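A.B. asks: Can you keep this structure in mind? I'll have questions shortly.
Derivation of every value follows stated rules applied to the coordinates shown; laboratory data play no part. What you see is a predicted model; the values in this text were computed from it and never measured. Cβ sites come from the backbone with ideal geometry, for glycine too, and all protein chains shown count toward neighbours.
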Number of protein chains: 2
Amino acid sequence: MKLFGGIESGGTKFVCIVGNGPDNLLKEERFPTTTPRETIHKVTEFFRPYVKSRELAAVGIASFGPLDLNPDSPTYGYITTTPKAGWSQIDLYGEIQGKVDVPVAFDTDVNAAAFGEQYWIPENRSMDPFLYITVGTGIGVGVIINGSPLHGLIHPEAGHLALPHNWQRDPFPGVCPYHGDCLEGLASGLSMSKRWGQSPESLPDGHPGWDLESDYLAFALVNLIYAYSPRRIILGGGVSQHPGLIGAVRCKIKQFMNDYMQSPMLLEKIDDYILPPALGNRSGGLGAIAMAARLVLT
Amino acid sequence: MKLFGGIESGGTKFVCIVGNGPDNLLKEERFPTTTPRETIHKVTEFFRPYVKSRELAAVGIASFGPLDLNPDSPTYGYITTTPKAGWSQIDLYGEIQGKVDVPVAFDTDVNAAAFGEQYWIPENRSMDPFLYITVGTGIGVGVIINGSPLHGLIHPEAGHLALPHNWQRDPFPGVCPYHGDCLEGLASGLSMSKRWGQSPESLPDGHPGWDLESDYLAFALVNLIYAYSPRRIILGGGVSQHPGLIGAVRCKIKQFMNDYMQSPMLLEKIDDYILPPALGNRSGGLGAIAMAARLVLT
């Protein structure tokens, strides 16, 4: 039985897993994101025994971005212009591929999470387009269309959508260093911490912050629905797990769309249209494993 | 030489053409959209000689929506819930196919326009994803991904994106009967007429309406860029033809994006990234012909 490696590369931590599916993970390790040299060294050390034993067939990398995903580019596989200190212009793909010496798949963390939720969950297979949105410290959107992650010019950056911002109700200017009050600027975990002076985890039920959060997320999802006409949306990330939030978002989507799109999925079955991740917090890692599997099994 | 028919079905007029490409159009006719029975009769009369002579190989329909594009649906080919009086639940595809008795392709007016601009213009062929946005009486967005028009759950409805609306600067509530101040509500030709009491055609250069219009269109295009990561965007429709508007939109897109997406197309070559339609006001009709051609030539 061949094994696949999954690497979830985040701005605060890296997660490495090895196995061949959600029900067969042999080992998992998490470590903080320090310097590229030290962090990548830990990654390659994690996989070394499986490389040595020749059990490792391929590796998938699900990385924070922006990334260069153009296979014809001289900087394919690089993290490009991240504000994360020390990580700009880092050849993440090349450094890891050189050490594991097996085929390596490379995509954004959110595209990988979307791919994983679709690949491993049978009822998601026919849901195309398929979206995964993560609302954590930042916000990102992964997109699968015709069975493949969407790249295009670079890759989707729908965490930065421009949204209605009622300055009287919410005078907070937003935290996005590029756009101020874009989606991520207004609705990320970081924006909640800065706006309310406490982390989203500690913000109690009934705090007006949750009502505001569900408004912004509903506007964002309405825009994603109008743009992609998706068949299913997964709402993941730490902030989305707050009890009641996903229900409030579903309710406000219906309110904002006002029956404009006449689909039973929106009018009657929105609970089955916008869902939490079936793979919990492993969508990204298991998506990386799915990408690795697809690389060698097809 | 086989001929193809193209039908552009709009809320105010229908356009029928026959030919086999931008340089070989044999006949074109325009007539106002009245009742479905009368209008569809005129369409079938237009094509009758070519059906009789057996020259007509296929027909494409580029229609105002919303449409049922699901081939497995019992109402495939219908205009569904349009506010256009008398045109809800009209079997446009079936009525026409029954009369012309050749293969008929069916899609939204904007998907067809996008397909036409990509199909007939060689330098657009490799531009994927490829978007066509029309700003006329209403606003619509057509999307080609992996060479095919995007449908998904229904079809994109990105004319109804939620956008930043500064009520102090622009107290106009918008004209969209469903959403009020969505993109179409704030930036369509109809919204301009209602806001300023004069049609966009008569609104002079330098009128503050044009500055506002370019703001809304730039926000919309930024959202489309972040969502689809397109390789090219065509900005069509009557309102977009106002001198200087496309330049102002390009300029504000750069300003709003603030160098966030590090692509030469956005940073240096935006004049070659956001373009007027190469097919002028025939993108939809020639797109319908392209859809018809693809139906029988592939």
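A.B. asks: Could you give the nm distance between label points at A:Asn258 and B:Asp259, where each point is 7 Å from its Cα heading toward the beta carbon?
C.D. replies: Calculated label separation equals 4.1 nm.
A.B. asks: Would you kindly work out, in nm and rounded to one decimal, the distances from the label point of A:His41 to those of the same position in each other copy, ordered shortest first, with label points 7 Å along Cα-to-Cβ?
C.D. replies: When each copy's label point is compared with this one, the spacings are 8.4 nm.
A.B. asks: Here is a further query. Compute the length gained on full extension between B:Cys251 and B:Lys269: take 0.36 nm times their separation in residues and subtract their Cα-Cα distance, giving the result in nm to one decimal.
C.D. replies: 5.3 nm
A.B. asks: By counting other Cβ atoms within 10 Å of each Cβ, how are B:Val110, B:Val102 ranked from fewest to most?
C.D. replies: In increasing order of surrounding Cβ atoms, one gets B:Val102, B:Val110.
A.B. asks: Return the lysines within reach of B:Lys13: Cα separation strictly under 24 angstrom, same-chain partners fewer than 8 residues apart disregarded; answer none if there are no such residues.
C.D. replies: Result set, ordered by chain and number: B:Lys27, B:Lys42, B:Lys84, B:Lys99, B:Lys194.
A.B. asks: Rounded to the nearest 10 degrees, what's the angle between the helix A:208-228 long axis and the longest principal axis of chain A, both from Cα atoms, 0 to 90?
C.D. replies: Roughly 70 degrees, rounded to the nearest 10.
A.B. asks: Counting DSSP beta bridges with both partners in the protein assembly as shown, what percentage is antiparallel, nearest 5?
C.D. replies: About 55 percent, rounded to the nearest 5.
A.B. asks: Here is a follow-up. Taking 0.36 nm per residue of separation and subtracting the Cα-Cα distance, what length does fully extending B:Asn70 through B:Lys2 add?
C.D. replies: In short, 21.7 nm is gained.
A.B. asks: Can you return the lysines within cross-link range of A:Lys252? Criterion is Cα-Cα under 21 Å, with same-chain partners fewer than 8 residues away left out.
C.D. replies: Cα-Cα hits under 21 Å: A:Lys269.
A.B. asks: Now for a different question. With a cut-off of 8 Å between alpha carbons and a minimum separation of six or more residues, what is the relative contact order of chain A in percent?
C.D. replies: 22
A.B. asks: Measuring nothing but label to label, 7 Å from Cα along Cα→Cβ, what are A:Pro177's distances to the other copies in nm, shortest first?
C.D. replies: Ordered by distance, the counterparts are at 4.8 nm.
A.B. asks: What whole-number distance in Å separates the alpha-carbon centres of region B:226-262 and region B:265-298?
C.D. replies: Between the Cα centre of region B:226-262 and that of region B:265-298, the gap is 16 Å.
A.B. asks: Which residue, A:Ala158, A:Ala85, A:Ala248, tops the fluctuation ranking in a GNM of chain A built on C-alpha contacts under 10 Å?
C.D. replies: A:Ala85
A.B. asks: For region B:94-180, state which chymotrypsin sites (Phe, Trp or Tyr not before Pro) are in a DSSP loop and have at most 13 other beta carbons lying within 10 Å of their beta carbon.
C.D. replies: Within region B:94-180, the qualifying chymotrypsin sites (Phe, Trp or Tyr not before Pro) (loop, at most 13 other Cβ atoms within 10 Å) are B:Trp167.
A.B. asks: Just to confirm the number: angle between the C-alpha axis of helix A:245-257 and the first principal axis of chain A, 0 to 90 degrees, nearest 10?
C.D. replies: Tilt of helix A:245-257: around 60 degrees.
A.B. asks: What trypsin sites (Lys or Arg not before Pro) does region B:50-132 have in DSSP loop regions with at most 13 other beta carbons within 10 Å?
C.D. replies: B:Arg54, B:Arg125
A.B. asks: Can you give the average number of partner chain beta-carbon atoms within 10 Å of each beta-carbon in peptide A:174-183, as a whole number?
C.D. replies: Whole-number average of other-chain Cβ neighbours for A:174-183 is 3.
A.B. asks: At a Förster radius of 35 Å, what calculated FRET efficiency corresponds to the Cβ-Cβ distance of B:Ala85 and B:Arg48, to the nearest 0.05?
C.D. replies: Here the calculated transfer efficiency is 0.80.
A.B. asks: Taking the Cα of B:Asn24, stepping 7 Å toward and past its beta carbon, and measuring to each backbone N in region B:41-68: which are under 14 Å?
C.D. replies: So the set is B:55-58.
A.B. asks: List the trypsin sites (Lys or Arg not before Pro) within region A:165-209 that DSSP assigns to loop and that have no more than 14 neighbouring Cβ atoms inside 10 Å.
C.D. replies: A:Arg169
A.B. asks: Suppose we keep just the DSSP beta bridges with both residues in region B:1-75; what percent of those would be antiparallel, to 5?
C.D. replies: Roughly 65 percent of the beta bridges in region B:1-75 run antiparallel, per DSSP.
A.B. asks: Considering chain B as a Gaussian network with a 10 Å cut-off on Cα pairs, which listed residue, B:Asn166, B:Asn70, B:Asn111, attains the greatest mean-square fluctuation?
C.D. replies: Among B:Asn166, B:Asn70, B:Asn111, the largest mean-square fluctuation in the Gaussian network model of chain B belongs to B:Asn166.
A.B. asks: For A:Gly206, which inter-copy label distances result when the label point lies 7 Å beyond Cα on the Cα-to-Cβ vector, reported in nm to one decimal and in ascending order?
C.D. replies: 6.0
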